[in-house]
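K.L.:
Pasting in a structure now, in structure tokens, and then I'll have a few things to ask.
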Amino acid sequence: RDGEAPADHLARFADAYGLTSRERDIFALFAEGRSAPYIAEMLVLSENTVKTHLRHAYAKMDVHSRQELLDLIEETSAAKKS
């Protein structure tokens, strides 16, 4: 899927892991490098709520850090291009 927009790839990635719509919103911003406080302010949520959604998304994807998350996104992107 050459030429696929990054947002499309992230949406398919989120679908593959069964993320809820709120987890998906937070995951997309987090994957862009946004911080939990920024995401909380932008989505009008508490920082703890953002962190809870991130924990749930991490558990579904079986990752434990932002770097693992980014690596997983990169791996799935590279696999789709092969």
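The values are calculated or read from the model by the stated rules, or taken from the named source; none is laboratory data. Note that the coordinates shown come from a computational prediction; the quantities given were computed from them, not determined experimentally. Note that we place each Cβ from the backbone using ideal geometry, even for glycine, and neighbour counts take in every protein chain shown. For accessibility, only protein heavy atoms count, side chains too; no ligands or nucleic acids. Shrake-Rupley method; radii C 1.70, N 1.55, O 1.52, S 1.80 Å.
K.L.:
Test of understanding: among Ala79, Ala11, which residue is surrounded by fewer than 10 Cβ atoms within 10 Å (Cβ to Cβ) and assigned to a helix (DSSP H, G or I)? Steps first, answer last, please.
P.N.:
Values: Ala11 fails: surrounded by fewer than 10 Cβ atoms within 10 Å (Cβ to Cβ).
Residue meeting the stated conditions: Ala79.
K.L.:
Among the residues that make up region 68-79, is at least one of them in contact (Cβ under 8 Å) with a residue 60 or more places away in the chain and more than 12 Å from the chain's Cα centre (by Cα)? Please lay out each step first, then the result.
P.N.:
First pass over region 68-79, keeping only residues in contact (Cβ under 8 Å) with a residue 60 or more places away in the chain: 73, 76-77.
After this cut, where a residue has to be more than 12 Å from the chain's Cα centre (by Cα) as well, the list is 76-77.
Checked against the condition, which is being in contact (Cβ under 8 Å) with a residue 60 or more places away in the chain and more than 12 Å from the chain's Cα centre (by Cα), region 68-79 yields at least one hit.
K.L.:
Just to be sure I understand, how many residues within region 21-51 are open to solvent by 40 Å² or more (accessible area, probe 1.4 Å), aliphatic (A, V, I, L, M) and in contact (Cβ under 8 Å) with a residue 24 or more places away in the chain?
P.N.:
Total satisfying the criteria: 0.
K.L.:
Which count do you get for residues in region 61-76 that are open to solvent by 80 Å² or more (accessible area, probe 1.4 Å) and part of a helix (DSSP H, G or I)?
P.N.:
Going through region 61-76, the residues open to solvent by 80 Å² or more (accessible area, probe 1.4 Å) turn out to be 62, 64, 67, 74-75.
When the remaining residues are screened for being part of a helix (DSSP H, G or I), the result is 67, 74-75.
Of the residues in that region, 3 qualify.
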